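What follows is a single structure, written as structure tokens, with notes after it.
Derivation of every value follows stated rules applied to the coordinates shown; laboratory data play no part. Worth saying up front: this structure is predicted, and the values here are computed from it rather than measured.
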Amino acid sequence: MLYIGFVPRRRDRSNLIIQKGFHTMTYLEVVFRYGAAPGENELRAIDSMREVYGVRRVQFNPKEQTVRVEFDASRLKQDAVARLLRQAGIDIREPLALA
């Protein structure tokens, strides 16, 4: 599994992150299937996308050919995340329902 991001893993699975002096942010996750495996250029584009657009974490699962994205819901919607992945060169297909 390929992981892109610099966020320590939380033990609690809550969606709310509250820090002193910051507004409350709600993080959501979306999972997409992808076709062709991402190359080096695509991974670099995703890393810069995460820094600029409020994407918190991007995780690839090559076995299942899925990409999981955790993002700030106050800044982005699922369609915007899909558009950003496509602009980065990822061949995403349909979104998957999270259980």
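A few comments on the model shown:
- Sequence-distant residues sharing a close amide H with Arg57 (under 5 Å, placed H): Glu70
- Calculated translational diffusion coefficient of the stretch 35-99 (10 °C, 1.306 mPa s; Stokes-Einstein with Kirkwood radius over alpha-carbon pairs) equals 131 µm²/s.
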